[in-house]
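The values are calculated or read from the model by the stated rules, or taken from the named source; none is laboratory data. In this text, all values refer to a predicted model and were calculated from it rather than measured experimentally. A quick note on method: Cβ atoms are made from the backbone with ideal geometry, for glycine too, and the neighbour counts reach across all protein chains shown.
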Amino acid sequence: MCLLIVISGLVPGMPLIVAANRDERRARPTVPMTRLDDADGELAIRGGRDEVGGGTWLATNEAGVVAGLTNRPLRDGPDAAKRSRGELPLALARHPTAAAAVAAFGPTIDPRAYNPSWLLVADRHDAFFVDVTATDQVVVEPLPPGVHVLENRRLDEPSAKVERVRELLGPVLAGSPAVLVDSLPALLADHHVPPGAPPEDASNPRLAMAARAICVHADEDDYGTRSSAVITAADDAAPPTICWTAQAPCQGDWRTSDDLWTRAGTE
């Protein structure tokens, strides 16, 4: 279970702001921020890497395209015979614009080959919701300027977690860009569990309740928020700024590397 926040076309001088938490089993090997592009790739790509399934849950390229993924939970767990969903954000991040990414993505991705998921992909000019839960085709929906919050359900489905994100964002959206961006690590670290019952079809009701928080801690299940990132793209053509932590956001240790786009090594 993960959380992806895209603030598109709202903030003067900063047309794209993305904040994300990755929730996963703590024992699953992961690199929170590293180089993802091939040596002969046309665009530099950075993001987290899943060392088990391959691919990523969040990727951004030097042109300012950001693509992130959340999974649709399955009661019996994912089908291990299918391809890794982590391939999908990476496929989108190989394009110079978000519009080009979704135009190429829809005709080439067979949803039957993957366990179901949803994605947000955006750049300085456009944002899109991508639904890979059907069996016959990918569905792409253009999004208007605004705040778009995706958790482990459809973008338009009611969610206590999404409402909590919007509640915390409200007071800072009207402020300066710097104040907004500086507030995002604390937002991602929020532990409030909204009231309500877990879904009736939840295979693990205790975990389902813990996952209603923005920053998830389900210690008895060896599960929780493993890493976080804040990505910002300014009006100029410079590569996005990436701020990240390799642990739960409530534990601090946020880093911003000035040479992340020029260094090939792993962070």
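Inclusion of ARG85 among residues that are out of contact with any Gly (no Cβ under 8 Å at 6 or more places or on another chain) and not in a strand (DSSP E or B) is not warranted.
Looking across the stretch 46-71, the residues that are at pLDDT 90 or above, surrounded by fewer than 24 Cβ atoms within 10 Å (Cβ to Cβ) and not polar (S, T, N, Q) come down to ARG49, ASP50, GLU51, VAL52, GLY55, GLU62, ALA63. Applying the set (1) more than 20 Å from CYS250 (Cβ to Cβ); (2) part of a loop (DSSP other than H, G, I, E, B) to ALA213 leaves exactly one unmet item: (1).
Let me confirm something: among ALA98, ALA104, which residue is more than 14 Å from the chain's Cα centre (by Cα) and surrounded by fewer than 16 Cβ atoms within 10 Å (Cβ to Cβ)? Among ALA98, ALA104, only ALA104 is more than 14 Å from the chain's Cα centre (by Cα) and surrounded by fewer than 16 Cβ atoms within 10 Å (Cβ to Cβ).
Taking every residue in the stretch 117-132 that is at pLDDT 95 or above and pairing it with any residue that is polar (S, T, N, Q), at least 6 positions away or on another chain, the pairs with Cβ-Cβ distances below 6 Å are SER117/ASN71; TRP118/THR70; ALA122/SER8; ASP123/THR97; ALA127/SER8; VAL132/SER117. When the test is whether a residue is of a type in the set (A, V, I, L, M), closer than 15 Å to ALA229 by Cα, within 17 Å of the chain's Cα centre (by Cα) and at pLDDT 95 or above, LEU88 does not pass it.
So which residues in the stretch 16-32 are in contact with a Gly (Cβ under 6 Å, 6 or more places away or on another chain) and buried (at least 22 other Cβ atoms within 10 Å of the Cβ), if there are any at all? Matches in the stretch 16-32: ALA20 only. Among residues of the stretch 1-23 that are free of Cβ contacts under 8 Å to residues at least 60 places away in the same chain and over 10 Å from PRO177 (Cβ atoms), none has a beta-carbon under 8 Å from a residue that is β-branched (Val, Ile, Thr) and assigned to a strand (DSSP E or B) at least six positions away or on a different chain.
The residues of the stretch 112-136 that are farther than 16 Å from VAL65 by Cβ and either in contact with an Asp or Glu (Cβ under 7 Å, 6 or more places away or on another chain) or exposed (fewer than 14 other Cβ atoms within 10 Å of the Cβ) (or both), listed by number, are ARG112, ALA113, ASN115, TRP118, ALA134, THR135, ASP136. Among the residues of the stretch 222-246, how many are more than 22 Å from ILE7 (Cα to Cα) and either of a type in the set (Val, Ile, Thr) or exposed (fewer than 15 other Cβ atoms within 10 Å of the Cβ) (or both)? Qualifying residue count, the stretch 222-246: 1. Screening LEU10 against (1) of a type outside the set (Lys, Arg); (2) in contact with a Pro (Cβ under 7 Å, 6 or more places away or on another chain); (3) assigned to a strand (DSSP E or B); (4) buried (at least 17 other Cβ atoms within 10 Å of the Cβ) leaves a single unmet condition, (4). Contact map, the stretch 217-240: first residue closer than 10 Å to ARG26 by Cα, second residue assigned to a helix (DSSP H, G or I) and modelled with pLDDT of 90 or more, Cβ cut-off under 9 Å, separation 6 or more or different chains; pairs are THR225/LEU188; THR225/PRO249; THR225/CYS250. Here SER183, SER176 are screened, and the one residue that is within 24 Å of TRP244 (Cβ to Cβ) and buried (at least 16 other Cβ atoms within 10 Å of the Cβ) is SER183. Confirm whether GLY48 is in a strand (DSSP E or B), on the phi < 0 side of the Ramachandran plot and in contact with a strand residue (DSSP E or B) (Cβ under 9 Å, 6 or more places away or on another chain). Yes, satisfied.
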